[in-house]
Amino acid sequence: MKHGLPDYNTEDCIAALASPWGQGALAVIRASGQGCLERLAPAFSKAEKLLRARGGAMLHGSIKNPQTGEALDEVMLGVFRKPAGYTGEDAFEIYCHGSLPGIRGILSLLARLGFRQARSGEFTFRAFSNGKMDLTRAEAVREIVCAQTEKAHTLALRRLSGAVADKINEAKGLLLQARADVEIRLDYPEEDSPDAEAGDTAAAAARCEEILERLLATCAEGRLYQEGARVALAGRTNAGKSSLFNYVLKEERSIVSENPGTTRDYIEALVPLAGIPVRLYDTAGLRDSPDFVEGEGVRRSRRILEEAALVVYLVDASEGGLFRLDAEDEKTILSLGGRVITAWNKTDLLPPQALRAARQAGHLCLSAATGDGVAGLLGEIGKRLLPERPAGEEALIDSLRQKELLEQSLAALRRFSLRAGKYPLDMAAEDLREAMGALEKISGETTTEEMLALMFSRFCVGK
């Protein structure tokens, strides 16, 4: 499978730094393209050994200036022969010292040897172009690089290993069966089609529809693991928001004081909760204040509450009537609707019997000072953020491109089901062709240069 993009000329030998720019113990420079090993050989201290090396070999030597013989760095060189290796072409990786002058020197040398600087995502584009992976796997490569939590990384790795591709291929197999049945009846209308054959066609289409519906239903969860969610801690002054914020982060980020209005603006930090990258906000205590700075902080905090996916509203359980909300708390909680979790803090100051009774009554109780009950709150946040997923479904999608194409395929399948037996066969066949076309775009069997350019340009250079 070959695809050509103007900026991704697959006839060129390309090279790029695959590790981050910066000083470190090691750096990785990768290169790919027909004849790339022969181009490098004059600059490697063991040229003949390189040219004879099999795929998968690891060679020790020096990268040197071919004109002067001066060594630029002592390296390990990984050799990859087509069609094995990431790109499906001849390729190599240089493992050198993480010195910025050394890295620049090797890249400059490669440029003089005829290697073009790789574009964003060009190595993965070549892997796709050479049939090493379909588009679902190619997208998973970027998702792995961008993953912010272990859960997101695990799910992206599962997609890279073919979890989504297997589902799409299963659906395409069923569609192929249904299309063949319908088109045979179109080609040979004089033959009587048995009812059993028509039933098999409908069953195949229905099973395909079920697979796509289940996969589509995972998109919200998949995107949540990749993009994360905003969760805000809210409440009146001295409810313990900053103490809880610090406890969850395991560091002293927010100033904690008994004086009301200590937090005058919101503070935010990224924290993984239930595998979700959560942007957690410690907001200013909600009250009217004559102080301009604190008042502005409250205004900004209210904006954060409006935008948050979930708000944890903390109430000081040690004040007032036990586990009774005052009018101001009730007003704020009602305004947040279904996005709020009401939690009672400072329960370490209560008599044990009062705390037991509150928990038996269903109140979410915790102490940010001791950590008691915080795990239960974090678990509740995870449950509230995660959408329902079809039972037993392991493949998750997080790509909007895949979501839109699944919706197109499903819409065509549903039209087919509605038309079955009521409309001409050629209309039914067109529905099945449209459904198949959308699935082929998901896997990349049919696609456009514009879409490929957009997708691979979002990758980092060197991937």
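Derivation of every value follows stated rules applied to the coordinates shown; laboratory data play no part. Note that the structure is a prediction, hence the values are computed from the model and not measured. All Cβ positions, glycine included, derive from the backbone under ideal geometry; neighbour counts span all protein chains shown.
The figures follow:
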{"quantity": "Spin-label zone in the stretch 98-120 - amide nitrogen under 14 Å from a point set 7 Å from the Cα of Ala25 along the C-beta vector", "calculated": "98-99"}
{"quantity": "Placed amide H near Ser62: partners under 5 Å, 5+ positions off or other chain", "calculated": "Ser45, Lys46, Val75"}
{"quantity": "Share of alpha-carbon pairs per 10 Å distance bin for the chain, given as whole %", "calculated": "4, 16, 18, 16, 17, 16, 10, 3, 0"}
{"quantity": "23 Å Cα-Cα reach of Lys49 towards lysines, excluding residues that sit fewer than 8 places from it in its own chain", "calculated": "Lys64, Lys82"}
{"quantity": "Theoretical FRET efficiency, 1/(1+(r/R0)^6), r = Cβ-Cβ of Ala203 and Arg303, R0 56 Å, to 0.05", "calculated": "0.60"}
{"quantity": "Principal-axis tilt of helix 327-336 within the chain, Cα atoms, nearest 10 degrees", "calculated": "20 degrees"}
{"quantity": "Cα long-axis angle, helix 374-385 against the chain (0 to 90 degrees, to the nearest 10)", "calculated": "60 degrees"}
{"quantity": "Fully extended contour minus Cα-Cα distance, from Leu349 to Leu400, at 0.36 nm per residue", "calculated": "13.5 nm"}
{"quantity": "The chain: calculated mean residue ellipticity at 222 nm from DSSP helix runs of at least 4, using -39500 (n - 2.57)", "calculated": "-14500 deg cm²/dmol"}
{"quantity": "Beta bridges by DSSP in the chain, antiparallel share as percent, to the nearest 5", "calculated": "60 percent"}
{"quantity": "Sorted peptide list for 231-239, 347-355, criterion being average Cβ within 10 angstrom, highest first", "calculated": "231-239, 347-355"}
{"quantity": "29 Å Cα-Cα threshold exceeded, pairs from Lys132/Lys172; Lys383/Lys441; Lys383/Lys403; Lys167/Lys463; Lys241/Lys331; Lys46/Lys463", "calculated": "Lys383/Lys441"}
{"quantity": "q = 0.15, 0.17 Å⁻¹: log10 I(q)/I(0) that the Debye formula gives for the stretch 4-94, counting C-alpha atoms only", "calculated": "-0.59, -0.75"}
{"quantity": "Rough spin-label spacing in nm, given labels placed 7 Å along Cα→Cβ, for Met76 and Arg279", "calculated": "3.9 nm"}
{"quantity": "Pair Leu51, Arg116: separation of 7 Å Cα→Cβ label points (nm)", "calculated": "2.6 nm"}
{"quantity": "Principal-axis tilt of helix 163-187 within the chain, Cα atoms, nearest 10 degrees", "calculated": "60 degrees"}
{"quantity": "Modelled FRET efficiency - R0 30 Å, Leu100 with Ala453, Cβ distances, 0.05 increments", "calculated": "0.45"}
